[in-house]
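Below is one structure, written out as structure tokens; the observations come after it.
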Amino acid sequence: LYIEEPLNAGARLTLERDQSHYLVNVLRMGEGAAVLLFNGRDGEWAARIAEAHKKNCVLELTAQTRVQEPLPDIWLLFAPVKKARLDFIAQKATEMGAAVIQPVITERTVVTRLKDERLQANAVEAAEQCGLVAVPEVREAEKLGSLLARWEEAAPGRRILFCDESEEPGAAREALARLAEEGWRGAPLAILIGPEGGFSPKERDMLRGRKDTAVLSLGPRIMRADTAAIAALAVVGLALGD
Ligand code: SAM
């Protein structure tokens, strides 16, 4: 169960209505029942239900069961797509271990109204379902141009892997091997994925002109943006992760 509060030995926590309802009414748990808790910062903790109220259940923490696992230092920057596919991106990026999820508005981005809480809720749900104790930080959407203009300040030393379907497909393996040799392995990274209509020629030129950015093909087939995001996290994690 995910909660916001700090987790430490002996803490007593009162759950909100939804979670109390879930434990007491849906799972039919009573006093003394064991629950596992995480908050994305303090690892996983065992707790027992001290007071099984339907609206404000009280839990008592007993012991830490897992320490906080560090996430691979990979961020996912992506142009928002339609709702269900956004949910998918947030869930799968969490499972793949992205540390930060950052929506970026590009020239051809159609979907610009975003609910950060919805992305965060999807990330939390994926972590709960997979027994993960780390949840990516969901950042507010920002225009690609303005984010890149302040990149050095926003993400010092972080390099960008710009995924582009117009890049020579056969070159992916060599490109990743070369980047690993050039010190990109284990370095702070950000993967950048474009919108349904891809990046504009102006954005491509701007990205290709940056010293901290490398272009990456994910193979000869054009994938949907959500698929490309997950494929990139898998490929980059394997080739350049710690
Ligand atoms: N029209 C489809 C859609 O609705 O999702 C395809 C969109 S594709 C142009 C969206 C983004 O996915 C691209 O901007 C790029 O970042 C990434 N992408 C898709 N296929 C790729 C490939 N083979 N190599 C690299 N990036 C790819």
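Which of the residues spanning segment 1-32 are among the hydroxyl-bearing types (Ser, Thr, Tyr) and either in a strand (DSSP E or B) or under 30 Å from ALA98 (Cβ atoms) (or both)? TYR2, THR14, TYR22 - these are the residues of segment 1-32 that are among the hydroxyl-bearing types (Ser, Thr, Tyr) and either in a strand (DSSP E or B) or under 30 Å from ALA98 (Cβ atoms) (or both).
Got at least one residue in segment 31-53 being touching a residue at least 40 places away in the same chain (Cβ under 8 Å), away from the ligand (no atom under 16 Å from the Cβ) and surrounded by fewer than 14 Cβ atoms within 10 Å (Cβ to Cβ)? Reasoning before the result, please.
Quick first cut of segment 31-53, residues touching a residue at least 40 places away in the same chain (Cβ under 8 Å) only: 38, 40, 43-44.
With away from the ligand (no atom under 16 Å from the Cβ) added as a condition, the list becomes 38, 40, 43-44.
Still in the list and also surrounded by fewer than 14 Cβ atoms within 10 Å (Cβ to Cβ): none.
There is no residue in segment 31-53 that is touching a residue at least 40 places away in the same chain (Cβ under 8 Å), away from the ligand (no atom under 16 Å from the Cβ) and surrounded by fewer than 14 Cβ atoms within 10 Å (Cβ to Cβ).
Any chance segment 110-129 includes a residue that's hydroxyl-bearing (Ser, Thr, Tyr) and at pLDDT 95 or above? No, there is no match, as no residue in segment 110-129 is hydroxyl-bearing (Ser, Thr, Tyr) and at pLDDT 95 or above.
Flag set for VAL215, criterion: near the ligand (Cβ under 9 Å from one of its atoms), in contact with a Phe, Trp or Tyr (Cβ under 8 Å, 6 or more places away or on another chain) and not basic (Lys, Arg).
Restricting attention to segment 33-59 and to residues that are of a type in the set (A, V, I, L, M) and outside any strand (DSSP E or B), the residue that is farthest from VAL133 (Cα to Cα) turns out to be ALA52. Residues that are touching a strand residue (DSSP E or B) at 6+ places or on another chain (Cβ under 7 Å), more than 13 Å from the ligand (Cβ to nearest atom) and farther than 20 Å from ALA90 by Cα do occur in segment 168-180.
The values are calculated or read from the model by the stated rules, or taken from the named source; none is laboratory data. The model shown is predicted, which means the values in this text are computed figures rather than measured ones. Here the Cβ is made from the backbone with ideal geometry for all residues, glycine too, and neighbour counts use every protein chain on show.
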